[in-house]
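> Questions regarding the structure given below will be posed in turn.
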Amino acid sequence: MPLIHECVVTTLSPVGRPHIAPLGLIEDGPHWIIAPFRPSATLFNLSQTPKATASFTDDARVFAGLVVGHRTFPLTDIENWPAPRLSCALAHAELEVVRVEEDEIRPRFICRVKHTEAHRPFLGMNRARAAVLEAAILATRLGRLPREKIESEIAYLRIAIDKTAGEAEREAWDMVMEKIAEHLSRETA
Ligand SMILES: Cc1cc2nc3c(=O)[nH]c(=O)nc-3n(C[C@H](O)[C@H](O)[C@H](O)COP(=O)(O)O)c2cc1C
């Protein structure tokens, strides 16, 4: 399996409005691949404007916020590049689509990494942030997973939260847990 970079991708609507979504970009030698499932705004936008920006952040609240539907994170324009980055990004990459591999379920946009730039220092890995990321991905797949699987994953991930989370990670965890709890309570109703 190739390395996957979890990040936030900015694409542009046909009228130039930025759209952000958390996505895992697949590293493939010199290229990075954006693989959005159908249907999605990211997929539509990329087929219209083949330029995107990947923002890399260690703020777990961004991933949590996006999966619970908050889309209003501050963005910063990039010189000579149309898709803005997250203002809080530690680094960003400017991605230009060079080829599209069509697929009925999940097309692949093969991108050239035109430019990368660092903005803030990265201060190390953290288990709680990784746990929030896992829980955020889980929260996008709730309809496809049995209750037992969801509950056992959460129980395991919670260990890292209890042991290593700071305030921001706890806030992010609580946002995702609220969404998952709502789903589970709807299921029992
Ligand atoms: C960390 C993370 C990684 C994700 N990676 C992908 C991905 O590679 N492809 C995808 O279609 N959805 C992925 N998702 C789910 C999308 O973010 C979600 O479907 C989103 O709403 C995209 O749809 P949109 O472009 O219409 O906003 C991921 C979610 C998270 C939290």
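The values are calculated or read from the model by the stated rules, or taken from the named source; none is laboratory data. Worth saying up front: this structure is predicted, and the values here are computed from it rather than measured. Cβ sites come from the backbone with ideal geometry, for glycine too, and all protein chains shown count toward neighbours.
> Among the numbered conditions (1) within 14 Å of the ligand (Cβ to nearest atom); (2) touching a residue at least 24 places away in the same chain (Cβ under 8 Å), tell me where GLY24 comes up short.
GLY24 satisfies all of (1) within 14 Å of the ligand (Cβ to nearest atom); (2) touching a residue at least 24 places away in the same chain (Cβ under 8 Å) except (2).
> A further question follows. Against the condition within 14 Å of the ligand (Cβ to nearest atom) and either without any contact (Cβ under 8 Å) to a residue 12 or more places away in the chain or of a type in the set (S, T, N, Q) (or both), how does THR76 come out, does it pass? Even if it seems obvious, please write down each step before you answer.
On the way: within 14 Å of the ligand (Cβ to nearest atom): no; either without any contact (Cβ under 8 Å) to a residue 12 or more places away in the chain or of a type in the set (S, T, N, Q) (or both): yes.
Criteria not met by THR76.
> Quick one: would you say ALA155 is in a helix (DSSP H, G or I), free of Cβ contacts under 8 Å to residues at least 12 places away in the same chain and hydrophobic (A, V, I, L, M, F, W, C)? If you could, list the steps in order and put the result at the bottom.
Working: in a helix (DSSP H, G or I): yes; free of Cβ contacts under 8 Å to residues at least 12 places away in the same chain: yes; hydrophobic (A, V, I, L, M, F, W, C): yes.
Here the answer is yes, as ALA155 does meet what is asked.
> Where residues in the range 32-47 are out of contact with any Leu (no Cβ under 8 Å at 6 or more places or on another chain) and in a helix (DSSP H, G or I), which of them is nearest to the ligand (Cβ to nearest atom)?
Residue satisfying both the conditions and the ranking: ALA41.
> Looking only at residues in the range 3-18 that are without any contact (Cβ under 8 Å) to a residue 40 or more places away in the chain and within 12 Å of the ligand (Cβ to nearest atom), which one is farthest from ALA130 (Cα to Cα)?
Residues of the range 3-18 that are without any contact (Cβ under 8 Å) to a residue 40 or more places away in the chain, as a first pass: 3-4, 13-15, 17.
The next check asks that each one be within 12 Å of the ligand (Cβ to nearest atom); those that pass are 4, 13.
Working: ILE4: 14, SER13: 30 Å.
Out of the qualifying residues, it is SER13.
> Now a separate question. With under 27 Å from LEU46 (Cβ atoms), in the same structural domain as ALA64 (by TED's automatic domain parsing) and among the aliphatic types (A, V, I, L, M) as the only criterion, which of VAL132, VAL113 stands out? Walk me through it before giving the result.
On the way: VAL132 fails: in the same structural domain as ALA64 (by TED's automatic domain parsing).
Going through VAL132, VAL113 in turn, just one is under 27 Å from LEU46 (Cβ atoms), in the same structural domain as ALA64 (by TED's automatic domain parsing) and among the aliphatic types (A, V, I, L, M): VAL113.
> Of (1) crowded, with 19+ Cβ neighbours inside 10 Å; (2) without any contact (Cβ under 8 Å) to a residue 60 or more places away in the chain, ALA93 satisfies all except one. Which?
The single condition ALA93 does not satisfy is (2).
> Just the residues that are surrounded by 13 or more Cβ atoms within 10 Å (Cβ to Cβ) and more than 18 Å from GLU169 (Cα to Cα), please, taken from the range 118-144.
We begin by selecting, within the range 118-144, every residue surrounded by 13 or more Cβ atoms within 10 Å (Cβ to Cβ); these are 119, 126-140, 142.
If the condition is that a residue be surrounded by 13 or more Cβ atoms within 10 Å (Cβ to Cβ) and more than 18 Å from GLU169 (Cα to Cα), then HIS119, THR140, LEU142 are the ones that fit.
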